[in-house]
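Asker: Here it is: the structure, laid out below.
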Amino acid sequence: MTMGRPLVSVIVTTRNNHETLGACLRSIIEQTYVPLELLVVDNNSTDDTKEIALTYTSHVYNRGPERSAQRNFGVAAARGKYVAIIDSDMELEPEVIAACVAALSNTSQSHGVIIPEESFGQGFWAQCKRLERSFYVGVDWIEAARFFDRETYMSVGGYDEKMVSGEDWDLSGRIAARGPILRVRPFIHHNEGQLKLWRTLKKKVYYARQARVYLAKNNVGSKLTTPAGPLQRYRLFFKQPRKLLRDPLTALGMLFMKTCEFSFGAVGYIFGSRRSIHE
């Protein structure tokens, strides 16, 4: 039944993710596509993340210090012709891997696939995040590839391990230089959990402090007009006024949340830049 089908390796990176990991790994082993191998690369979890992972696969490793290094380690250990890079708070629709393999199998020109994402979670801010992410589906300059031809991934060097922010866009750009990035229809569902605004802003500051590496490497000019910046995002939102007006309260919450994120991100970027000057 699986003769002639290429092996797909799915790499999941973790760190203290016991709340979402089980659902993530179940969605992978329940894919309609076979053959498939599952690798979990943990970063020194202090909860039962590793124990949960071991109930789904024997390929559980420990690697740090950040997700780029974890992902590269997983791909290096993988045996598949194709690799999928999945976060531990994601759940895959059953046809995701099959659709990705079909997309790349039909061409020799493309080496990466974008899988659309949809958010879900509990509480008002999770609904705001769900609305925000709905604007990004089909937008190349926001969505990044997560499924790759392994040989091409290795040949371009994988994720840049000096990057903590923007590494997805950076890798997609290098893969796109080898051929167009494809898309599939099945979704990844991103579990936001009980989203708290202050946690989101704290995370935004952390990643913004590291953004200078991505911006310098990719010759980004104005920080306002970069795809991660506010002007492009607001343009994207207001191009679809009917979607905003469908649920005005959630739309206002989303715009407030994004404004706070950009404001806190600007502070983080300034502090990160000053730190780099003194290093």
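The values are calculated or read from the model by the stated rules, or taken from the named source; none is laboratory data. Just so it is clear, the model here is predicted, and its values are computed rather than measured. No Cβ is skipped: glycine too gets one built from the backbone with ideal geometry, and neighbour counts run over all protein chains shown. In case anyone asks, the SASA skips ligands and DNA or RNA and just uses the protein heavy atoms, side chains included. Shrake-Rupley method; radii C 1.70, N 1.55, O 1.52, S 1.80 Å.
Asker: State whether the residues of the range 18-29 include one that is in the same structural domain as VAL184 (by TED's automatic domain parsing) and touching a Pro at 6+ places or on another chain (Cβ under 9 Å).
Answerer: Yes: one or more hits.
Asker: Next question. Take the residues of the range 29-44 that are touching a helix residue (DSSP H, G or I) at 6+ places or on another chain (Cβ under 8 Å), open to solvent by less than 60 Å² (accessible area, probe 1.4 Å) and outside any strand (DSSP E or B): which is farthest from ALA84 (Cα to Cα)?
Answerer: ASN43
Asker: Just name the residue that is farthest from GLU91 (Cα to Cα) out of those in the range 161-199 that are open to solvent by less than 20 Å² (accessible area, probe 1.4 Å) and of a type in the set (Asp, Glu).
Answerer: ASP170
Asker: Also, I was wondering about something else. Tally the residues that are at pLDDT 70 or above, surrounded by fewer than 18 Cβ atoms within 10 Å (Cβ to Cβ) and not charged (D, E, K, R), restricting the search to the range 208-236.
Answerer: Residues in the range 208-236 being at pLDDT 70 or above, surrounded by fewer than 18 Cβ atoms within 10 Å (Cβ to Cβ) and not charged (D, E, K, R): 5 in total.
Asker: So SER134 ticks every box in (1) open to solvent by less than 30 Å² (accessible area, probe 1.4 Å); (2) in contact (Cβ under 8 Å) with a residue 60 or more places away in the chain; (3) under 18 Å from the mean Cα position of the chain (by Cα) but one. Which box is left unticked?
Answerer: Evaluating SER134 over (1) open to solvent by less than 30 Å² (accessible area, probe 1.4 Å); (2) in contact (Cβ under 8 Å) with a residue 60 or more places away in the chain; (3) under 18 Å from the mean Cα position of the chain (by Cα) leaves (1) as the failure.
Asker: Please work out which residue is surrounded by the fewest Cβ atoms within 10 Å (Cβ to Cβ), limiting yourself to the range 8-27 and to residues that are hydrophobic (A, V, I, L, M, F, W, C) and closer than 10 Å to MET90 by Cα.
Answerer: Among those residues, the one meeting the criterion is ALA23.
Asker: Which residue is least open to solvent (accessible area, probe 1.4 Å), if the candidates are limited to the range 82-114 and must be farther than 16 Å from LEU36 by Cβ and out of contact with any strand residue (DSSP E or B) (no Cβ under 8 Å at 6 or more places or on another chain)?
Answerer: Selected residue: SER108.
Asker: Any residue in the range 59-67 that is open to solvent by less than 50 Å² (accessible area, probe 1.4 Å), part of a strand (DSSP E or B) and touching a helix residue (DSSP H, G or I) at 6+ places or on another chain (Cβ under 6 Å)?
Answerer: yes
Asker: Let me ask something additional. Suppose we filter HIS278, HIS190 for residues that are of a type outside the set (Val, Ile, Thr) and either touching a Phe, Trp or Tyr at 6+ places or on another chain (Cβ under 6 Å) or modelled with pLDDT under 85 (or both); which single one remains?
Answerer: HIS278
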